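The values are calculated or read from the model by the stated rules, or taken from the named source; none is laboratory data. In this text, all values refer to a predicted model and were calculated from it rather than measured experimentally. A quick note on method: Cβ atoms are made from the backbone with ideal geometry, for glycine too, and the neighbour counts reach across all protein chains shown.
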């Protein structure tokens, strides 16, 4: 069965600093991986996705993630944090198609704080 | 593209009453819609999956008779919380997907408060 572990429930960085949010997955099949961002009292917005093509995936808002099979990781990075990046970030793995549809398994989330 | 809306964005209801939440895909036809529940500062918990024209599939531990889901068309799914109680207060989020795609597109969520 698939699972996702996000290391660090809270990450705090200074504005302009590197953002690194960690995600490790477990999957018995080649995984499809996602990063979503959630702002307070809002739904989830897709940042980027890995679908077995390029291992380095670029997303919106300057974020990118690298798929490392040997480490079963899909860490999210951004070179320079902005105040507007403060939000909750969720890593998710596709469970695969079953019954004609695909479920996502979410990690517990990482709250990113950005301070001046 | 791939916009999902929810209505209402927030609702307050009295204990014992029922409340309906709508989830619509605005610019695409959603073959499958998902309903999640999210408690404060927690991750999303999948409640059920619905396909257009068929009965919803509920996750273990979710009461089918309490959380009624109807997926009447390829653009609309509804979640009705029946005989709501204060413990049903939560943030409910829907998502939609298209056949063959793995990503889900999320609605903005509905904050339900039961008094």
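Structure notes:
- Residue, nearest to residue B:86 (Cα to Cα), within the stretch B:46-58, restricted to residues that are part of a strand (DSSP E or B) and more than 9 Å from chain A (Cβ to nearest Cβ): B:47
- Only one of the numbered conditions (1) crowded, with 20+ Cβ neighbours inside 10 Å; (2) within 14 Å of chain B (Cβ to nearest Cβ); (3) under 22 Å from residue B:44 (Cα atoms) is violated by residue A:113, and that is (1).
- Each residue in the stretch A:16-36 was checked for being surrounded by 14 or more Cβ atoms within 10 Å (Cβ to Cβ) and farther than 18 Å from residue A:67 by Cα, and 1 of them qualify.
- Just one residue in the set B:79, B:112 is more than 10 Å from chain A (Cβ to nearest Cβ) and in contact with a helix residue (DSSP H, G or I) (Cβ under 8 Å, 6 or more places away or on another chain); that residue is B:112.
- Taken over the stretch A:39-58, the residue count meeting the criterion of being away from chain B (no Cβ under 12 Å) and either surrounded by 17 or more Cβ atoms within 10 Å (Cβ to Cβ) or in contact with a strand residue (DSSP E or B) (Cβ under 7 Å, 6 or more places away or on another chain) (or both) is 4.
- Note on the stretch A:36-65: residues that are under 30 Å from residue B:113 (Cβ atoms) and not in a loop (DSSP other than H, G, I, E, B) total 7.
- The set of residues in the stretch A:36-55 that are over 16 Å from residue B:42 (Cα atoms) and under 13 Å from the mean Cα position of the chain (by Cα) comprises A:45, A:46, A:47, A:48, A:49, A:50.
- Only listed residue being under 25 Å from residue B:107 (Cβ atoms) and out of contact with any helix residue (DSSP H, G or I) (no Cβ under 6 Å at 6 or more places or on another chain), chosen from A:84, A:73: A:84
Residues are listed down the side, and each one gets a yes or a no for (1) in contact with a strand residue (DSSP E or B) (Cβ under 6 Å, 6 or more places away or on another chain); (2) modelled with pLDDT of 90 or more; (3) buried (at least 16 other Cβ atoms within 10 Å of the Cβ); (4) part of a loop (DSSP other than H, G, I, E, B):
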residue	(1), (2), (3), (4)
B:79	yes, yes, yes, no
B:84	yes, yes, yes, yes
B:92	yes, yes, yes, no
B:96	yes, yes, yes, no
B:102	yes, no, yes, yes
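- Taking the criterion of being assigned to a loop (DSSP other than H, G, I, E, B) and at pLDDT 95 or above, the only residue of the stretch B:66-77 that qualifies is B:66.
- Considering the stretch B:6-21, the residues that are buried (at least 16 other Cβ atoms within 10 Å of the Cβ) and within 14 Å of another protein chain (Cβ to nearest Cβ) include one that is nearest to residue A:44 (Cα to Cα), namely B:6.
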